[in-house]
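Student: Below you'll find the structure I mean.
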Amino acid sequence: MAQPPLNWRAPDGRAEALAALNAAGAEKGPPWAVSTRPVFGEGPLDAPLALIGEQPGDKEDEEGRPFVGPAGRLLDRALEEAGIARRDCYLTNAVKHFKFVQRGKRRIHQKPGAGDVAYYRWWLEAELDLVAPRRVVTLGATALLALSGKPLAISRLRGPARLQGREAFVTVHPSSILRAPDADRAGAYAGFLADLRAARDLSVADLPPAGVH
């Protein structure tokens, strides 16, 4: 696993520490030659849910924000239908830079490998420690690998799980729904929506009863 930069030190205050973490990760750069800028996570500290995706896409890289492309729009729709406010979630990616191949004017997405995921894992772990969500939703296989530290099958683990000491919920990435055949897309979306609703309910159940500290 790649180690954090030697100059990474968390200052007092979690918001300040998160900003310092992102600055240190940005200075370290990606493990490949061609890239633009990192896309940081966004959302409140102590968010009930943190949602982890794979990596920024072309649109996310342009705007510098996570989940603003086609998959992000589908996620926004599903969150709204599940009764989850995006502004109350922390959204980030396992890999912080857009990995792509340039073909003419187009930038073609390249799936990050296990080495890429390991390179960024220190960043993701520190990020989640600072944000301190009650439950982490892994969106897709890359996010599951990043949180668990080993390749695991979504089909076997889909649902609530405990990964590396964190309360998690394993589900698919919204981009997989966009890629599904037309005949299967409605069912895939319904399953994803059910997962988000279950994760929402579990994040509330994670809270201690009133008066218990």
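The values are calculated or read from the model by the stated rules, or taken from the named source; none is laboratory data. Just so you know, these numbers come straight off a predicted model, no measurement behind them. Cβ: placed from backbone, ideal geometry, glycine included. Neighbour counts: every protein chain shown. Remember, those area values only see protein heavy atoms, side chains included, never the ligands or the DNA or RNA. Shrake-Rupley method; radii C 1.70, N 1.55, O 1.52, S 1.80 Å.
Student: Through the Karplus equation 6.51 cos²θ - 1.76 cosθ + 1.60, θ set to phi - 60°, convert the phi angles of segment 88-99 into ³J(HN,Hα) values in whole Hz; use x for Gly and Pro.
Tutor: Taking θ as phi minus 60°, the curve returns 8, 9, 9, 10, 8, 10, 5, 10, 8, 10, 7, 9 Hz for segment 88-99.
Student: For the chain, which whole percent of the accessible surface, found with a 1.4 angstrom probe, sits on carbon and sulfur atoms?
Tutor: Looking at the chain in its full context, I get 54 percent from C and S.
Student: Would you mind calculating the relative contact order of segment 94-213 from Cα pairs under 8 angstrom and at least 6 residues apart, reporting the percent as a whole number?
Tutor: In percent, rounded to a whole number, it is 20.
Student: What does the extension gain come out to for GLU16 and THR36, with contour length at 0.36 nm per residue minus their alpha carbon separation?
Tutor: Between GLU16 and THR36, full extension yields an extra 4.8 nm.
Student: Compute the relative contact order of the chain as a whole-number percentage, counting only Cα pairs closer than 8 Å that sit 6 or more residues apart in sequence.
Tutor: 23 percent
Student: What net charge do the residues around ASP116 carry, taking every other residue with its C-beta under 11 Å from that of ASP116, with Lys and Arg at +1 and Asp and Glu at -1?
Tutor: My count for the surroundings of ASP116 gives +3.
Student: A further question follows. Rounded if a/c is under 1.5, else prolate if a/b beats b/c, else oblate: with a ≥ b ≥ c from the C-alpha gyration tensor eigenvalues square-rooted, which is segment 30-143? Present the calculation step by step, with values, prior to reporting the outcome.
Tutor: Working: a/c = 2.13, a/b = 1.39, b/c = 1.54.
It is oblate, given that a/c is not under 1.5 and a/b is not larger than b/c.
Student: Could you list which residues have their amide H under 5 Å from that of VAL137, counting only those 5 or more apart in sequence or on another chain, with H placed in the peptide plane?
Tutor: For VAL137, the qualifying residues are ALA50, LEU51, ILE52, PHE169.
Student: Rounded, prolate or oblate: which fits the chain, taking a ≥ b ≥ c as square roots of the Cα gyration tensor eigenvalues, rounded meaning a/c under 1.5, else prolate when a/b beats b/c?
Tutor: oblate
Student: Assuming a viscosity of 1.567 mPa s and a temperature of 4 °C, what translational diffusion coefficient in µm² per second does Stokes-Einstein assign to segment 74-140, Rh being the Kirkwood radius over Cα pairs?
Tutor: Once the numbers are plugged in, D ends up at 91 µm²/s.
Student: Here's another thing I want to ask about it. Kindly identify segment 134-213 as rounded, prolate or oblate by the Cα gyration tensor criterion: order the square roots of the eigenvalues as a ≥ b ≥ c, call it rounded if a/c is under 1.5, otherwise compare a/b with b/c, prolate if a/b is larger, else oblate.
Tutor: Since a/c reaches 1.5 but b/c is at least a/b, the shape of segment 134-213 is classed as oblate.
Student: Here is a follow-up. Would you mind working out the accessible area per residue for the chain, using a 1.4 Å probe, and quoting it in Å²?
Tutor: 49 Å²
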